[in-house]
1. Explain nothing, just the number: relative contact order of region 1-112, from Cα pairs under 8 Å at least 6 residues apart, as a whole percent.
2. Report the Cα centroid-to-centroid distance between region 341-367 and region 43-90 in angstrom, as an integer.
3. Taking all protein chains in place and a 1.4 Å probe, what share, in percent, of the accessible surface of the chain do carbon and sulfur account for?
4. List the residues whose amide H sits under 5 Å from the amide H of residue 94, counting only those 5 or more places along or on another chain, with H placed 1.01 Å from N in the peptide plane.
5. Considering the dipole of the chain built from charges on the beta carbon (Lys and Arg +1, Asp and Glu -1) around the Cα centre, which of 213, 338, 236 is farthest to its positive end?
6. Rounding to the nearest 10 and keeping the result within 0 to 90°, find how far the Cα-based axis of helix 96-111 lies from the longest principal axis of the chain.
7. Compute the helix-to-body angle for 58-72: its Cα long axis versus the longest principal axis of the chain, expressed 0 to 90° and rounded to tens.
8. Nearest 10 degrees is fine. How inclined is helix 150-163 to the longest principal axis of the chain, computing both from alpha carbons?
Amino acid sequence: MGQVADVVIIGGGIIGLSIAYHLGLRKPGKILLLEKGQLGEGSTSRCVGGIRTQFSTEINILFSLESVKVFDRFEEEFGVDPEFRKIGYLFLAATESEVEVFKENIELQKRFHIPVQYLTPDEIGEQWPYLKMDDILGGTFCPSDGYAGPNEVLSGFVRGAKRVGVTFNEGEEVRDILVEGGRVTGVRTDGGEISSPVVVNAGGPYASFVGELAGIKIPVKPLRRQVFVTAPFHLTERSVPLTIDFHRGWYFRREVDGFLLSGPLDREPGLNTSIDYEAMVEASENATYRVPAFENARIARGWAGLYEISPDNHAILGKVPGLEGLILANGFSGHGFQHSPAVGRVISEVIVDGEATTINISSLSIERFEKGELIREPMTAFKE
Ligand SMILES: Cc1cc2nc3c(=O)[nH]c(=O)nc-3n(C[C@H](O)[C@H](O)[C@H](O)COP(=O)(O)OP(=O)(O)OC[C@H]3O[C@@H](n4cnc5c(N)ncnc54)[C@H](O)[C@@H]3O)c2cc1C
């Protein structure tokens, strides 16, 4: 007889691990997490750790607020310092329509008591004098946004999940999801069949491939983002926020003694995770355009990873109509790290209680694509 589990989680990234931990806290029997490579080796290890409440939809704000509560008490709960640095996020607007959207966003964010403020070009130039301000019409700043260490948070979830009795199998790829009479009955790996009434798709950028194993179309595309880091560089004594040149789709923040500069986001989906010279040139050009002092900075290294993009840049969460037992935690569109604590919690609620209670996730159901009920944002979403 093959193995038996109560819940199988496919994917050992930040999402799979947070789900495993939160489920283990609720004790629904044997939880088995299967990772085809090593824990965290997917998008999670490529992530730059940004955490913000400055989102432009209510549902993303709710996920941020719930997750920040966990990041704030992370060391207490998991025994690992997540290195959450609240340096703030500064969004820069270069067109009138961007200003308008930023102002609308602030109105929404303030309804949730987020300490965000609108700044004029003079106020921005005064506080961060290294920025070239010629074309900047305004900006928004939230001092409680920032970033944490993806490896630290991942290892916290791993420790927590072990503590609550989760079993991890690394190097075990799920080759098939077993379905009988409209419900999931387990998975098949090279090690054999594992029967389980609940299977969670936490496959990150591979979510659509995992969905195909159960005959389900999940509209998530892998999209490469490149990132570069300078050699040690002195810019200012002041605190430097994570700064987003929204118009150029470019951002930077400190990274140890140097600076992390975002590179381009691919236009076409694919699984390539190498970096290229053109991307490095583009990152440098964006950097010296907005921060002329970066002319003297040298790029020392870079990497690339895959976003898991959904058609409306919002997550796809919960049950699949017509296929009982398959649970989706996909399509985070570049926000999966910062939303992982809340995602783990709501998915554990779906599995144990039948529905999410911490946050109403009905608007994130996969059904929205068929029904044409995509979530609308005032402007293409920013992705870290
Ligand atoms: C450059 C970059 C910067 C980013 N910056 C930020 C940021 O600042 N803030 C933020 O919130 N997010 C950011 N993100 C996004 C974030 O990294 C992801 O949203 C998050 O890591 C998704 O986690 P995951 O667990 O869903 O996916 P992953 O970490 O990719 O994990 C999925 C796992 O599933 C495994 N798997 C797939 N198929 C199978 C199978 N058949 N069997 C077994 N295992 C399987 C894979 O090996 C993988 O390890 C960034 C992403 C990139 C690329």
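The values are calculated or read from the model by the stated rules, or taken from the named source; none is laboratory data. Please read all numbers here as calculations on a predicted model, not as lab measurements. Every residue, glycine among them, receives a Cβ derived from its backbone with ideal geometry; neighbour counts consider all protein chains shown. To get the accessible areas, we keep the full protein, side chains included, count just its heavy atoms, and leave off ligands, DNA and RNA. Shrake-Rupley method; radii C 1.70, N 1.55, O 1.52, S 1.80 Å.
1. 22 percent
2. About 18 Å separates the Cα centre of region 341-367 from the one of region 43-90.
3. Summing carbon and sulfur atoms, their accessible area is 48 percent of the total for the chain.
4. HN-HN under 5 Å from residue 94: 137, 247.
5. Sorting the options by dipole projection puts first 213.
6. Result, in degrees: 60.
7. Helix 58-72 sits at roughly 90 degrees to that axis.
8. Once rounded, one gets 30 degrees.
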